[in-house]
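Structure first, commentary second.
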Amino acid sequence: MKKEQIVAQMYTIRDYLTNLKDFDEACQILSNIGYTACQLSGWNEQLNIKEIKKIFDNNNIKCIATHHDCNMTLNEPEKVVEELNILDCDWTAYSYPAGISFKTRNQVNNFIERLNKAGKFFFENKKGLCYHNHHIEFVKVNEELVLELIYNNTNPQYIQGEIDTYWVQVGGQSVSDWVERLSGRLPLIHLKDYGVKYNESNSIITYITEIGNGNIDWKKVISLAEKGGCQWYIVEQDSCPGNPFDSLKISYDYLVNNICE
């Protein structure tokens, strides 16, 4: 992995993406940390996408992927493609199956069909649609994991992977196994560490933490991702103990000093 492949997931700093002034200042900070690429997510979608592109360009940050509204991705993919073209961006990802039930195989099959149909549209328009998992996709339906059903029953040309390392582990699965399983189908990966600690009540809890501060074997995970052709390594932290930019810097510095070539 090269440091130019390290990506800041903007959802981490979503509180700073509500207006163009704060958005610009946030990108300046990311650039100063060393990030040259981002995944656009969690922003105020009322902001003009052309103005956002100008901000990225002025701060030498390339938008390599997005997380657009999930309903739009499934039902109005042409609008997503239009914005991807403005951003000069090749990838988007379906971020969360809001309102989707995985209780029955028929419900899962219906979701898969809709996902595959949207992926076909993106593919035909020279864009890529990835699937971003949480832990909920590791529920079993008729003894099969939903995430397995999704990947086994969609066209690999239409649906690629965006494995989220933390949520794989929360789901009771092996991060390394899933990265290896999606070899050749994993252009994007969300790097998110899994920590275990005592809280203020003296109870042991698990939590999202900065890369290198948790228990995931990053050298193994990233080595497997590289072998499988992963293009972008996306640092995301859903919640941070303090300033989210500090957390993004800790993760960036760890990757550059311990993992990058």
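The values are calculated or read from the model by the stated rules, or taken from the named source; none is laboratory data. For clarity, every value in this text was computed on a predicted model and none was experimentally measured. Glycine also receives a Cβ, built like all others from the backbone with ideal geometry; neighbour counts cover every protein chain displayed.
So Gln28 passes all but one of these: (1) in contact with a Ser or Thr (Cβ under 8 Å, 6 or more places away or on another chain); (2) farther than 26 Å from Lys126 by Cβ. Which condition number does it fail?
All conditions are met except number (1).
Considering only residues that are part of a loop (DSSP other than H, G, I, E, B) and surrounded by 17 or more Cβ atoms within 10 Å (Cβ to Cβ), which ones fall in region 247-261?
Across region 247-261, the qualifying residue is only Ile259.
Restricting to region 156-167, count the residues that are part of a strand (DSSP E or B) and β-branched (Val, Ile, Thr).
Total satisfying the criteria: 2.
Only residues in region 234-254 that are modelled with pLDDT of 95 or more count as the first member; pair them with residues that are of a type in the set (Ser, Thr, Tyr) and in a strand (DSSP E or B), Cβ under 8 angstrom, at least 6 apart or cross-chain, and list the lot.
Gln237/Thr209; Ser239/Tyr207
Has region 238-246 got any residue that is within 18 Å of the chain's Cα centre (by Cα), buried (at least 22 other Cβ atoms within 10 Å of the Cβ), under 27 Å from Gln28 (Cβ atoms) and polar (S, T, N, Q)?
Within region 238-246, none of the residues are within 18 Å of the chain's Cα centre (by Cα), buried (at least 22 other Cβ atoms within 10 Å of the Cβ), under 27 Å from Gln28 (Cβ atoms) and polar (S, T, N, Q).
Looking at Arg105 and the list (1) surrounded by fewer than 21 Cβ atoms within 10 Å (Cβ to Cβ); (2) closer than 20 Å to Trp178 by Cα, which single condition is not satisfied?
Of the numbered conditions (1) surrounded by fewer than 21 Cβ atoms within 10 Å (Cβ to Cβ); (2) closer than 20 Å to Trp178 by Cα, the odd one out for Arg105 is (2).
Look at Tyr96 and say whether it is among the aromatic types (Phe, Trp, Tyr), without any contact (Cβ under 8 Å) to a residue 60 or more places away in the chain, in contact with a Phe, Trp or Tyr (Cβ under 6 Å, 6 or more places away or on another chain) and under 30 Å from Asp57 (Cβ atoms).
no
How many residues does region 168-225 contain that are more than 17 Å from the chain's Cα centre (by Cα), part of a strand (DSSP E or B) and surrounded by 12 or more Cβ atoms within 10 Å (Cβ to Cβ)?
Result for region 168-225: 4.
Looking only at region 139-178, which residues are touching a His at 6+ places or on another chain (Cβ under 6 Å) and over 21 Å from Trp232 (Cβ atoms)?
Val170, Gly171
Mind counting the residues in region 119-155 that are charged (D, E, K, R), in a loop (DSSP other than H, G, I, E, B) and over 19 Å from the mean Cα position of the chain (by Cα)?
2
Restricted to region 76-93, and to residues that are assigned to a helix (DSSP H, G or I) and in contact (Cβ under 8 Å) with a residue 12 or more places away in the chain, which residue is surrounded by the fewest Cβ atoms within 10 Å (Cβ to Cβ)?
In this case the residue turns out to be Glu78.
From the set of residues in region 120-147 that are buried (at least 16 other Cβ atoms within 10 Å of the Cβ) and either in contact with a Cys (Cβ under 9 Å, 6 or more places away or on another chain) or acidic (Asp, Glu) (or both), which is nearest to Asp193 (Cα to Cα)?
The extreme case among them is Glu137.
Which members of region 1-37 meet the condition of being in a helix (DSSP H, G or I), of a type in the set (S, T, N, Q) and out of contact with any strand residue (DSSP E or B) (no Cβ under 9 Å at 6 or more places or on another chain)?
Scanning region 1-37 gives Gln28, Ser31, Asn32.
Going by the conditions given, is Ser41 of a type in the set (Ser, Thr, Tyr), without any contact (Cβ under 8 Å) to a residue 60 or more places away in the chain and in contact with a helix residue (DSSP H, G or I) (Cβ under 9 Å, 6 or more places away or on another chain)?
Here the answer is yes, as Ser41 does meet what is asked.
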